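Derivation of every value follows stated rules applied to the coordinates shown; laboratory data play no part. Remember, it's a predicted structure, so these values are computed and weren't measured experimentally. Note that each Cβ is placed from the backbone with ideal geometry, even for glycine, and that neighbours are counted across all protein chains shown.
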There are 2 protein chains.
Amino acid sequence: MTQSRPSLETRTERLAQWTANLQYHDLPDEVIQRTKELFIDWLGCTIAGRHHPAVAAIVRFATQMGPSSGKSELIDGSLRLTSSPAFASLINGASSHVVEQDDLHNRSIMHPATVIFPSALAVAQDTHADGKEFITACVVGYEVGCRTGEYLGKRHYEVCTQFRVHVDEAKTTTVQKFHSTATGGVVGVAAAVARLLHLDANQTLSAIGTAGTQAAGLWQFLLDATHSKQVHTGKACFDGIFAAYSARDGLPGPRDILEGARGMGAALAPGETDPEAISQGLGLDYAVLGSSFKWHASCRHTHPSVDALLALMAKHQVKFHEIDSVVARTYQAAINVLGLTGRGETVHQSKFSMGFVLAVAAKNGQAMITDFTEEALEDAELREFQQRVTMELDPEIDAKFPKQWQGTVAVVCKDGRKYTESVEYLKGDPENSLTTYDSTGLSEQC
Amino acid sequence: MTQSRPSLETRTERLAQWTANLQYHDLPDEVIQRTKELFIDWLGCTIAGRHHPAVAAIVRFATQMGPSSGKSELIDGSLRLTSSPAFASLINGASSHVVEQDDLHNRSIMHPATVIFPSALAVAQDTHADGKEFITACVVGYEVGCRTGEYLGKRHYEVCTQFRVHVDEAKTTTVQKFHSTATGGVVGVAAAVARLLHLDANQTLSAIGTAGTQAAGLWQFLLDATHSKQVHTGKACFDGIFAAYSARDGLPGPRDILEGARGMGAALAPGETDPEAISQGLGLDYAVLGSSFKWHASCRHTHPSVDALLALMAKHQVKFHEIDSVVARTYQAAINVLGLTGRGETVHQSKFSMGFVLAVAAKNGQAMITDFTEEALEDAELREFQQRVTMELDPEIDAKFPKQWQGTVAVVCKDGRKYTESVEYLKGDPENSLTTYDSTGLSEQC
């Protein structure tokens with residue numbers, strides 16, 4: 001495998017060089033195997049999300065604006081079957097981010113599968129790439145996307161800005177701002193597609209640059225349960241494909257979009273970036289190995305508390321109806337995200353309510369796709385339990401986030417019993433991964 | 001015309017309501033007339049820019065990803081003639097931002113024509129809208145786009161962030177970050193297209209929301225003369241069209257994307273927004289009347305100094321070869337933008353070099369499209385003069401920017417003469433507009 005060359009000027013150039021030169025035979029077996037597992041996990045998420053209204057609206061857009069057919073397959077709820085890679089990935093990228101069960105790369109706070117797989121699959125189908133090329137491109141996409149997310153850091157996702165409220169008054173406010181899956185994702189998509197198009201390092205650098213200057217995605221939608229989350233992932237696919245194809249066809253992009261003085265770091269995460277994350281350990285660490293499967297079908301920020309609560313209930317034989325109150329001790333980003341949704345008025349929004357998710361988990365012993373339904377939203381027991389859950393910032397847990405997503409819950413029972421339980425690694429984390437159930441033999445195919 | 005209703009909750013809702021209800025017969029004659037003039041000005045810019053390599057690459061993308069034909073016309077250098085509205089506007093929006101002669105709305109620091117006209121034209125062709133509907137949509141697009149830009153303010157364009165360099169050290173840095181034409185533009189496009197699609201206020205609010213969550217565009221490209229500027233305008237068209245069509249087809253967007261706690265203001269211009277700009281004077285002031293024609297084919301930030309220099313040379317009969325040095329006293333944003341490009345290695349980049357542009361103006365008595373050529377880049381006289389131009393921050397001028405774009409130049413002649421000249425309103429400003437040359441009668445047609 002090509003190592004990064006010290007003679008190259010910038011870290012982003014090293015990343016582009018690595019992207020252009022990586023070969024399938026460079027990849028360790030566990031990287032290949034994990035990529036296949038992540039792909040199958042993604043496919044399940046995509047199928048599960050294909051009937052969402054956001055997907056239907058995007059399909060309608062593709063029908064009006066795109067070609068009537070193409071080589072790239074759609075996974076949606078309509079009768080349309082194929083389109084061009086840009087539109088197929090726009091649709092599949094939206095579908096796969098509906099049910100909140102797609103993977104999560106801890107350190108970058110990103111869901112890489114939902115942007116990398118749909119775009120790489122659509123382009124691979126269009127270019128007749130074989131399985132090895134496809135896997136190599138996906139590994140590249142994960143790597144570049146997650147490294148971009150890590151570089152932008154948790155302050156990008158959960159920006160801490162000292163800004164001026166009045167001329168002479170400084171105020172520090174911590175709010176959650178950018179949907180890293182989209183902003184880092186579009187860069188990863190560009191790299192994956194660049195690899196499939198066999199772009200050289202210079203063209204790949206342009207693809208990364210043109211992707212980065214399109215990076216967008218705000219969390220405002222979470223406040224009113226609107227559908228931008230699926231727009232963000234679908235558009236990251238579309239925009240990253242645009243970046244790579246246009247780079248191939250002669251459109252130069254900014255050469256230092258990550259670290260440049262007017263680049264992503266400066267504009268989207270000022271003063272809070274981690275430059276080493278861009279290229280340190282490239283080809284030694286693999287982002288696909290750092291991504292977690294989501295066991296629960298809710299926002300990942302609820303998982304530490306769900307795991308801790310389920311462990312506590314099992315350990316101490318506590319039943320749903322016996323619980324009087326739950327305190328979920330967590331990190332700041334979780335409070336920022338989960339504090340936005342209020343009661344949780346829709347199925348999707350309810351997955352972002354710590355109280356509702358813990359209620360579901362406590363009552364059903366799990367928090368799967370089938371546990372989040374319209375009926376569940378009307379369940380008086382769940383709604384009542386939800387009111388008795390609070391979140392508290394735990395400075396120790398916060399300091400470790402996002403390298404570790406730890407959780408602690410403290411439960412008081414109606415009969416006065418009190419318990420506390422913590423989890424170090426979530427179910428689905430690389431350190432605590434899921435077991436494989438394979439009745440198809442798919443994971444043996446390339 | 002429908003006035004904003006005090007009962008509406010947010011300023012963005014008021015803007016959406018106004019957008020949905022505005023009628024052609026509400027528009028003052030001067031608004032209609034100016035819109036026609038701006039459209040003709042835009043068309044000239046689009047034709048002039050259609051052969052740029054960025055446009056060719058985008059056409060290639062549209063050929064691979066889009067339909068083979070459609071109802072919307074392309075203005076490009078290829079033999080392709082039509083496409084769907086999204087791709088036609090992607091191409092035309094790129095073409096019209098090549099030669100740097102498209103209009104400029106002072107207070108928002110935006111080029112509205114290059115995003116509003118291509119998208120409104122493409123959708124009007126697709127929906128068979130008549131001229132009155134088209135003009136109404138363009139007025140709406142200018143208004144919503146420019147108000148978004150004004151709301152985000154000059155700190156969005158030229159962000160002043162107090163950020164942490166080290167844990168205990170605060171540092172204030174002023175850098176230019178977001179290409180407002182794209183970030184405000186995408187919101188304006190969504191509104192213009194929403195009007196053409198006859199969306200109601202609620203759907204329009206969704207269109208604005210979905211547009212805003214896609215807002216992107218960084219200035220990094222200016223450092224290495226790459227082509228993101230055209231990507232930004234073309235993509236603002238595409239993305240705004242996506243937002244409006246998907247809103248019509250059932251995709252709800254965030255309802256308070258401008259002022260919401262996780263919206264554009266919070267993420268892209270923290271602590272520096274001007275909320276009043278969103279809805280104050282709606283239906284009384286018109287953005288189309290506040291937009292300036294660009295007389296010179298260079299970055300608008302050079303225009304105050306160009307006008308002042310040409311005035312000085314005329315007034316005091318100073319010739320090009322007599323000038324020893326020029327100090328251009330200007331505002332901070334001009335220094336930020338024009339300080340990025342170094343010597344100006346390409347035709348486009350040379351238009352962003354204060355020294356080069358003043359050299360061209362001083363030597364040729366003008367700075368038109370035909371003055372910026374490959375030959376000019378090799379002109380030793382221009383290059384030598386360029387070295388003798390410096391920029392200085394003028395606090396008084398800076399305080400008035402962007403409401404006024406004033407300029408002062410101080411010239412020292414080789415024979416020791418010294419002159420200073422200032423301009424209050426630029427040639428092309430609404431207060432100092434261009435005369436009309438109309439041999440076609442086009443401006444009389446709707």
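A few comments on the model shown:
- Comparison of A:119, A:68 shows that the only residue that is in contact with a helix residue (DSSP H, G or I) (Cβ under 6 Å, 6 or more places away or on another chain), hydroxyl-bearing (Ser, Thr, Tyr) and within 14 Å of chain B (Cβ to nearest Cβ) is A:119.
- Residue B:226 vs. criteria within 9 Å of another protein chain (Cβ to nearest Cβ), under 30 Å from residue B:347 (Cα atoms) and of a type in the set (S, T, N, Q): yes
- Taken over the stretch A:329-345, the criterion of being away from chain B (no Cβ under 14 Å) and assigned to a loop (DSSP other than H, G, I, E, B) is satisfied by A:331, A:343, A:344.
- Unique residue being within 30 Å of residue A:428 (Cβ to Cβ) and touching a Gly at 6+ places or on another chain (Cβ under 7 Å) when the list is A:55, A:31: A:55
- The number of residues in the stretch A:18-46 that are in contact (Cβ under 8 Å) with a residue 12 or more places away in the chain and over 17 Å from the mean Cα position of the chain (by Cα) comes to 15.
- Flag if residue A:287 is more than 7 Å from chain B (Cβ to nearest Cβ), surrounded by 21 or more Cβ atoms within 10 Å (Cβ to Cβ) and on the phi < 0 side of the Ramachandran plot: yes
- Breaking point among (1) polar (S, T, N, Q); (2) within 14 Å of chain A (Cβ to nearest Cβ); (3) more than 19 Å from residue B:107 (Cα to Cα), for residue B:325: (2)
- Only listed residue being within 14 Å of chain A (Cβ to nearest Cβ) and under 26 Å from residue B:246 (Cβ atoms), chosen from B:94, B:113, B:56, B:20: B:94
- Residue in the stretch A:346-364 that is surrounded by fewer than 14 Cβ atoms within 10 Å (Cβ to Cβ) and part of a loop (DSSP other than H, G, I, E, B) present: no
- Extreme residue, surrounded by the most Cβ atoms within 10 Å (Cβ to Cβ), among residues of the stretch A:85-129 that are touching a residue at least 60 places away in the same chain (Cβ under 8 Å) and charged (D, E, K, R): A:102
- Candidate set: the stretch A:256-271, residues that are charged (D, E, K, R) and surrounded by fewer than 24 Cβ atoms within 10 Å (Cβ to Cβ); chosen: the one nearest to the other protein chains (Cβ to nearest Cβ): A:256
- Top-ranked residue in the stretch B:380-407 [being in a loop (DSSP other than H, G, I, E, B) and in contact with a Ser or Thr (Cβ under 9 Å, 6 or more places away or on another chain); ranked as surrounded by the most Cβ atoms within 10 Å (Cβ to Cβ)]: B:405
- Within the stretch A:233-255, if we keep just the residues that are under 24 Å from residue A:340 (Cα atoms) and more than 7 Å from every other protein chain (Cβ to nearest Cβ), the residue that is surrounded by the fewest Cβ atoms within 10 Å (Cβ to Cβ) turns out to be A:234.
- Counting only helices (runs of 4 or more DSSP H) that fall entirely inside the stretch B:200-303 and contain at least 3 residues that are of a type in the set (Lys, Arg), the qualifying elements are B:228-248.
- Pair list, Cβ < 8 Å and 6+ apart or interchain, from the stretch B:206-223 residues that are facing another protein chain (nearest Cβ under 7 Å) and under 14 Å from residue A:218 (Cβ atoms) to residues that are part of a helix (DSSP H, G or I) and of a type in the set (Asp, Glu): B:214/B:239
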